[in-house]
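This is the structure I have questions about; it appears just below.
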Amino acid sequence: MICIGLMVLIGLLFPICIIINFPYNLIGILVIVPGIAISAAGENLFKHSNTTVMTFDEPTCLVLHGLYRFSRNPMYLGFVLALLGLWIVFSSISSFLVIIVFVILVDFFYIRFEEAALNKKFGKEYLEYTKRVRKWI
């Protein structure tokens, strides 16, 4: 939500080099919707598996089915897609910087923490999973 707010604020107040003009920028909606759907589907798989979606809580099980067969982080991937869609709507290079910062922060802080926790809890099973499934896509 912070990134969305920043993108809107930066896109409206500090637009740099608008590269997609109206109405073509509305194609971004076609990227936002699947991004939200992917994130929601990933969250639902966690809920149905009775494990936490909260990054810093201890996981109770290793989810390996559904979207997690293709990406170890479909929720984050969905967030990035939604942000990319919003960027297309604003189509300002200044708004794109928010996506870059988001990906860096998520990868270095959240995903690394989660991977360490999963490795500690599930060991060999998680290591084998990481060999089969890529981090993002």
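Looking only at the range 64-74, which residues are touching a Ser or Thr at 6+ places or on another chain (Cβ under 9 Å) and either crowded, with 21+ Cβ neighbours inside 10 Å or of a type in the set (S, T, Y) (or both)?
Listed by number, the residues that qualify are R72, P74.
Limited to the range 64-82, what total is found for residues that are more than 12 Å from the chain's Cα centre (by Cα), of a type in the set (S, T, Y) and not in a helix (DSSP H, G or I)?
The number of residues fulfilling the criteria is 0.
Mind listing whichever residues of the range 108-133 are surrounded by 11 or more Cβ atoms within 10 Å (Cβ to Cβ) and either free of Cβ contacts under 8 Å to residues at least 12 places away in the same chain or among the hydrophobic types (A, V, I, L, M, F, W, C) (or both)?
F109, I111, R112, F113, A117, L118, N119, K120, F122, L127, E128, V133
Hey, among the residues in the range 1-48 that are of a type in the set (F, W, Y) and part of a helix (DSSP H, G or I), which one's nearest to S71 (Cα to Cα)?
F46
Among the residues of the range 83-137, write down those that are of a type in the set (D, E) and either at pLDDT below 95 or not in a helix (DSSP H, G or I) (or both).
Those that are of a type in the set (D, E) and either at pLDDT below 95 or not in a helix (DSSP H, G or I) (or both): none in the range 83-137.
How do the pairs read when you match residues in the range 5-25 that are of a type in the set (S, T, N, Q) with residues anywhere that are assigned to a helix (DSSP H, G or I), using Cβ under 7 Å and keeping only pairs 6 or more apart or on different chains?
From the range 5-25, the pairs are N25/I88; N25/V89.
The values are calculated or read from the model by the stated rules, or taken from the named source; none is laboratory data. Worth saying up front: this structure is predicted, and the values here are computed from it rather than measured. Backbone-built Cβ (ideal geometry, glycine too); neighbour counts: all protein chains shown.
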